[in-house]
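Heads up, the thing below is written out as structure tokens.
The values are calculated or read from the model by the stated rules, or taken from the named source; none is laboratory data. Here the structure is a predicted model, which means the values were calculated and not measured. Cβ atoms come from the backbone with ideal geometry, glycine included; neighbour counts cover every protein chain shown. Please note that ligands, DNA and RNA were not included when accessible areas were found on the heavy atoms of the full protein model with its side chains. Shrake-Rupley method; radii C 1.70, N 1.55, O 1.52, S 1.80 Å.
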Number of protein chains: 2
Amino acid sequence: MARPDSRHAILDAAEAIVGQSGAARMTLDAVAKRSGVSKGGLIYHFPTKEALLQAMIDRMMERADLMREEIRKKFPDERSNHLAVEMRVFQQGAEQKRPQSVALLAAIAANPDLTSGAREEMSRHFNAHIVSGGDFHRSAILFLAALGMHFLDLLNLSFLTKEQKQEIQEELLRLATGNEGI
Amino acid sequence: MARPDSRHAILDAAEAIVGQSGAARMTLDAVAKRSGVSKGGLIYHFPTKEALLQAMIDRMMERADLMREEIRKKFPDERSNHLAVEMRVFQQGAEQKRPQSVALLAAIAANPDLTSGAREEMSRHFNAHIVSGGDFHRSAILFLAALGMHFLDLLNLSFLTKEQKQEIQEELLRLATGNEGI
DNA sequence: TTTAATGTACCGACCGGACGGTACAGTAAT
DNA sequence: ATTACTGTACCGTCCGGTCGGTACATTAAA
């Protein structure tokens with residue numbers, strides 16, 4: 001892995017294809033072509049399509065972890081407010097044109113089993129941190145609302161205007177940092 | 001369409017396959033076999049796979065409309081509380097082992113364009129009714145939370161226990177029928 | 001009243017193309 | 001010598017869709 005640029009280029013290309021054209025169009029040939037790597041090169045890095053999908057999901061989760069760390073650095077007074085951190089993760093993720101979590105889409109389409117890692121990760125975050133501190137119902141509802149918005153984007157089903165989205169996100173963050181009743 | 005039993009059998013089979021084995025396994029042959037119809041018979045009713053997917057989505061939306069009507073009959077005092085009706089739709093939908101909205105999954109995997117009808121339908125319900133009456137933020141958050149839970153089930157990503165799900169659903173309904181702050 | 005024609009619903013063998021994956025010889029940097 | 005590829009040719013399977021037929025019910029002319 002002396003020149004691991006190709007690995008990232010391949011993963012970027014795969015994400016881009018899924019985001020733009022749908023999971024069904026994410027063929028090995030298409031990914032190779034788009035990433036500027038030969039098919040042989042692709043197979044060198046990811047011996048099967050499943051390996052590629054798994055790597056996409058792994059990278060997605062790594063990125064989310066990085067995001068959490070950055071946010072904790074940037075907002076030190078919210079360090080231990082896991083719900084607020086998560087709200088900011090969703091908020092920041094929504095600013096990108098295409099959610100990086102398209103990997104989930106591709107995996108679900110190809111082989112739903114691949115998502116078990118992601119499920120466990122979410123479960124960990126949700127149960128161990130977010131809900132532990134405060135009112136379960138309140139935390140759960142706020143988290144699920146942010147998740148719902150994210151899924152709407154991911155599935156390209158969003159019926160919200162940019163302004164509506166932003167407003168709701170700000171409200172969710174406000175509620176996550178505050179203590180008002182829903 | 002004098003004896004449309006086959007049509008329904010085919011749609012049922014397609015849903016079952018997507019729900020149990022994933023969208024990628026929903027091949028025409030598999031659907032035909034499962035529905036007890038020959039491939040030729042399937043193609044007679046649905047000339048292309050896209051037509052089948054479209055029919056699945058159409059039926060999904062029709063069913064949701066029926067559900068709304070039933071709920072309005074069953075809970076006449078909530079007739080005009082669109083948010084509460086929608087909460088009950090989500091609640092009732094979650095009671096089935098597999099959400100009927102697996103059609104969405106199949107469509108997204110095959111051809112994301114097919115979901116535009118569903119998006120418009122959601123938009124209509126959301127903007128015209130749910131949000132019209134009360135506090136936008138509150139309604140939106142409650143709706144999105146219910147949607148988030150639904151998507152978790154749909155994508156087989158749910159990390160919530162049965163009890164947690166039920167509790168949250170009841171809380172959402174309570175909030176939708178009441179006036180408390182979140 | 002027999003007969004011919006028409007339409008509906010369905011069967012299942014088959015075809016062509018796409019796709020995941022293999023194989024392998026060569027190359028260029030480290 | 002190892003690593004990280006390129007390039008190309010190829011293979012077998014799977015899948016969407018085609019096509020020629022069948023069975024049967026209804027209608028309509030002779």
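Evaluate the following for B:VAL89: is it buried (at least 21 other Cβ atoms within 10 Å of the Cβ), more than 11 Å from every other protein chain (Cβ to nearest Cβ) and among the β-branched types (Val, Ile, Thr)? Outline the logic, then answer.
Working: buried (at least 21 other Cβ atoms within 10 Å of the Cβ): no; more than 11 Å from every other protein chain (Cβ to nearest Cβ): yes; among the β-branched types (Val, Ile, Thr): yes.
No; evaluated as a whole, the condition is false for this residue.
Taking A:ALA51, is it small (Gly, Ala, Ser), more than 15 Å from DNA strand C (Cβ to nearest atom) and either free of Cβ contacts under 8 Å to residues at least 24 places away in the same chain or under 24 Å from A:LYS162 (Cβ atoms) (or both)? Steps first, answer last, please.
On the way: small (Gly, Ala, Ser): yes; more than 15 Å from DNA strand C (Cβ to nearest atom): no; either free of Cβ contacts under 8 Å to residues at least 24 places away in the same chain or under 24 Å from A:LYS162 (Cβ atoms) (or both): yes.
When the stated conditions are applied, A:ALA51 does not pass them.
Confirm whether A:LEU175 is closer than 14 Å to A:ASN81 by Cα, open to solvent by less than 20 Å² (accessible area, probe 1.4 Å) and at the interface with another protein chain (Cβ under 7 Å from one of its Cβ atoms).
yes
Between a first residue in the range B:11-35 that is touching a residue at least 60 places away in the same chain (Cβ under 8 Å) and farther than 15 Å from A:ALA110 by Cβ and a second residue that is among the β-branched types (Val, Ile, Thr) and buried (at least 21 other Cβ atoms within 10 Å of the Cβ), which pairs have beta carbons less than 7 Å apart while being 6 or more apart in sequence or on different chains?
B:ALA14/B:VAL31; B:GLU15/B:VAL102; B:GLY19/B:VAL102
Would you point out the residue of the range A:92-125, among those that are away from every other protein chain (no Cβ under 14 Å) and open to solvent by less than 40 Å² (accessible area, probe 1.4 Å), that is modelled with the highest pLDDT?
A:GLY93
Considering only the range A:151-169, state which residues are out of contact with any Gly (no Cβ under 7 Å at 6 or more places or on another chain) and within 9 Å of chain B (Cβ to nearest Cβ). Even if it seems obvious, please write down each step before you answer.
Looking only at the range A:151-169, we keep the residues that are out of contact with any Gly (no Cβ under 7 Å at 6 or more places or on another chain), and these are A:152-169.
Across the range A:151-169, the qualifying residues are A:LEU152, A:LEU154, A:LEU155, A:ASN156, A:LEU157, A:SER158, A:PHE159, A:LEU160, A:GLN164, A:GLU167, A:ILE168.
Take the range A:31-76 and flag every residue that is among the aliphatic types (A, V, I, L, M), open to solvent by 20 Å² or more (accessible area, probe 1.4 Å), farther than 17 Å from A:MET122 by Cβ and within 21 Å of the chain's Cα centre (by Cα).
A:ALA51
Which residue, of B:ASP58, B:ASP77, B:ASP29, is near DNA strand D (Cβ under 9 Å from one of its atoms) and assigned to a helix (DSSP H, G or I)?
Details: B:ASP58 fails: near DNA strand D (Cβ under 9 Å from one of its atoms); B:ASP77 fails: near DNA strand D (Cβ under 9 Å from one of its atoms).
Just one listed residue meets the conditions, B:ASP29.
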